[in-house]
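None of the figures in this text is laboratory data; all of them are computed from the coordinates on show. Keep in mind that what you see is a predicted model, and the values were worked out from it rather than measured. Every residue, glycine among them, receives a Cβ derived from its backbone with ideal geometry; neighbour counts consider all protein chains shown.
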Amino acid sequence: MTTEAQAAAAPLTSPVRIILVDDHAIVRHGLRSILEREADLEVVGEASTAAEAKAVIERARPTIVLLDLKLSTGADTEGLNLCAELTERHPGLAVLVLTTFLDDSLVAAAIQHGARGYVVKDVDTTELLRAIRAVARNESAFDSRSAAAMVRSMRVQSDPQPTGPAFTERELKVLQLLARGLSNRVIGTELYISETTVKFHVRNIMRKLDAASRAEAVYEASKMGVI
């Protein structure tokens, strides 16, 4: 197993409380059966609608919400509005989008609405668990296709801004690895620097971009044409 795979598979020290929000019961049951095999992950609730989700989250106080963007037959992206409302109402709550949709602008919109990551439903179990644990560690999480989709979206929205924050060569390399959804530990391994040094660079990057999360930092950097 590679260093990256080992870092991705590493369980967390305390259980992560998860709520599943999807309008298909069979999907929720399948996810629950996968997640409950992991000692560090705990499913504490389920919801099929936005209203149910808000009520369950108020009661269960989860760490992470796994959120589908389509919660009814009438709207394909109802989950976007729910994501924005949840992250505004519960600042410590992490939303990880888990959906069948892979549209360039939709990935970017999810991050704009407060999601910390974006994963498509046909991703394998190992990648899903990696994404959940990354988000629980306050890191961003994208599978390879959604990360590429977000960068493409930002590049076609507008020309790169002529002005913006200045980044060091090392910060640019860290940004590129952040865009791949890698953890601090794996970034450190890739760049032959300590995890503490990576954290220092990430903090500087977020400060320069006025970003509240790693995912938002990647979004802003992509929009500027930095990565």
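The strands (runs of 3 or more DSSP E) found wholly in the range 64-125 and carrying at least 1 residues that are polar (S, T, N, Q) occupy 94-99. Residues that are farther than 23 Å from N138 by Cα and in a helix (DSSP H, G or I) within the range 47-63 comprise A50, A51, E52, A55, listed in sequence order.
Restricting the range 135-146 to residues that are in contact (Cβ under 8 Å) with a residue 40 or more places away in the chain and part of a helix (DSSP H, G or I), the residue that is nearest to A215 (Cα to Cα) is V135. Within the range 13-31, residues that are without any contact (Cβ under 8 Å) to a residue 24 or more places away in the chain have Cβ atoms under 8 Å from residues that are surrounded by 22 or more Cβ atoms within 10 Å (Cβ to Cβ) and among the hydrophobic types (A, V, I, L, M, F, W, C) in these pairs: R28/L20, counting only partners at least 6 apart in sequence or on another chain.
Picking from residues in the range 18-37 that are in a helix (DSSP H, G or I) and touching a strand residue (DSSP E or B) at 6+ places or on another chain (Cβ under 6 Å), the one that is surrounded by the fewest Cβ atoms within 10 Å (Cβ to Cβ) is R32. The single condition from (1) farther than 26 Å from R214 by Cβ; (2) surrounded by fewer than 18 Cβ atoms within 10 Å (Cβ to Cβ) that E46 fails is (2). Scanning the range 58-79 for residues that are surrounded by fewer than 21 Cβ atoms within 10 Å (Cβ to Cβ) and of a type outside the set (S, T, Y) yields a total of 9. The C-beta contact set for the range 191-215 (first residue over 18 Å from A108 (Cβ atoms) and in contact (Cβ under 8 Å) with a residue 12 or more places away in the chain, second residue part of a helix (DSSP H, G or I) and small (G, A, S), distance under 6 angstrom, 6+ apart or interchain) comprises V198/G188; I205/A217.
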